[in-house]
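These notes concern the structure reproduced below.
The values are calculated or read from the model by the stated rules, or taken from the named source; none is laboratory data. Note that the structure is a prediction, hence the values are computed from the model and not measured. Neighbour counts are summed over all protein chains in view; Cβ atoms, including those assigned to glycine, are modelled from backbone coordinates with ideal geometry. The area values use the complete protein model at the heavy-atom level, side chains included, leaving out ligands, DNA and RNA. Shrake-Rupley method; radii C 1.70, N 1.55, O 1.52, S 1.80 Å.
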Amino acid sequence: MTRVTILTGGSTPERDVAFAGAAPVVGALRERGYDVPVVDTVEGPLSPEAERRLLVPAGGRTPPTREAVRALEERELGPRLVELPEIAEADVVFLVLHGRPGEGGTLQAVLDADGVRYTGSGPLGSALAMDKDVAKRLFQWAGVPTAAWRTWPAARADIEALGWPLVVKPSNVGSTIGLTVAHSYADVEPAVRQALQYDDEVLLEQF
């Protein structure tokens, strides 16, 4: 194995987090002598200059707006990714992506269909894990402890039964984007509005 292609970036609010996560992976693999192309699912293969600009820490950055995410989504390469030599000729594709398109099974299915080897779970496992409500239901079914939760909308009595503080967050977004800690019922609706900026499904969970 000589070529490990890093697939990162993407068209989600966590785009910068993905780039930040890719940076140390790229460095570690290149230090060990691998050929490591870097491919953004939106822009395609990154030039050395683009790598220097994008593969930097994401701490403190403001997530892109919904409008910016929509603009990125329109430029997503999608199934065309497998036509890139950096993907088609890779020994393995190392996924450093966050959010539904790259983390939720869609990309994994595209790579599977073309016989491209990649890191991480397959389409079904990725899809089940991406949706926090579904994943937590499966944890319960399997006897794995998980904090109590409700999905929005929920009755006030059910929400208050969770206790305070509680965590309000998008169900299909991570990296604490759109997440708020609510300390009283008055905090819940503003926190839900914040989470709805990033996802259509919102979780309210014991702290």
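Residue pairs whose Cβ atoms lie under 9 Å apart, separated by 6 or more positions or on different chains, with the first residue in the stretch 40-53 and at pLDDT 95 or above and the second open to solvent by less than 50 Å² (accessible area, probe 1.4 Å) and of a type in the set (Asp, Glu), are THR41/GLU76; VAL42/GLU76; GLY44/GLU86; PRO45/GLU86; LEU46/ASP40; ALA50/ASP40.
Report yes if VAL39 is touching a Pro at 6+ places or on another chain (Cβ under 6 Å), open to solvent by less than 20 Å² (accessible area, probe 1.4 Å) and farther than 17 Å from VAL173 by Cα, otherwise no. Spelling it out, VAL39 is indeed touching a Pro at 6+ places or on another chain (Cβ under 6 Å), open to solvent by less than 20 Å² (accessible area, probe 1.4 Å) and farther than 17 Å from VAL173 by Cα.
Identify, please: which residue in the stretch 160-207 is β-branched (Val, Ile, Thr) and touching a Lys or Arg at 6+ places or on another chain (Cβ under 9 Å) and is, among those, farthest from PRO57 (Cα to Cα)? Checking each candidate, the answer is VAL188. The condition of being outside any helix (DSSP H, G or I) and touching a residue at least 60 places away in the same chain (Cβ under 8 Å) does not hold for LEU107.
Restricting the first member to the stretch 176-197 and to residues that are farther than 18 Å from ARG66 by Cβ, and the second to residues that are open to solvent by 60 Å² or more (accessible area, probe 1.4 Å) and not in a helix (DSSP H, G or I), the beta-carbon pairs closer than 6 Å and six or more apart or on different chains are HIS183/TRP164. Figure legend. Inter-residue proximity from the stretch 11-37: first residues in contact (Cβ under 8 Å) with a residue 60 or more places away in the chain, second residues among the acidic types (Asp, Glu), beta-carbon distance below 8 Å, spacing 6+ or different chains. Indicated pairs: SER11/GLU73; SER11/GLU76. Looking for something open to solvent by 30 Å² or more (accessible area, probe 1.4 Å), in a strand (DSSP E or B) and closer than 21 Å to ARG117 by Cα - is there at least one such residue anywhere in the stretch 78-93? Checking the stretch 78-93: not a single residue is open to solvent by 30 Å² or more (accessible area, probe 1.4 Å), in a strand (DSSP E or B) and closer than 21 Å to ARG117 by Cα. Summed over the stretch 46-70, residues that are open to solvent by less than 80 Å² (accessible area, probe 1.4 Å), in a loop (DSSP other than H, G, I, E, B) and either under 24 Å from ASP199 (Cβ atoms) or of a type in the set (D, E, K, R) (or both) total 5.
Within the stretch 132-190, if we keep just the residues that are of a type in the set (Phe, Trp, Tyr) and not in a helix (DSSP H, G or I), the residue that is least open to solvent (accessible area, probe 1.4 Å) turns out to be TRP149.
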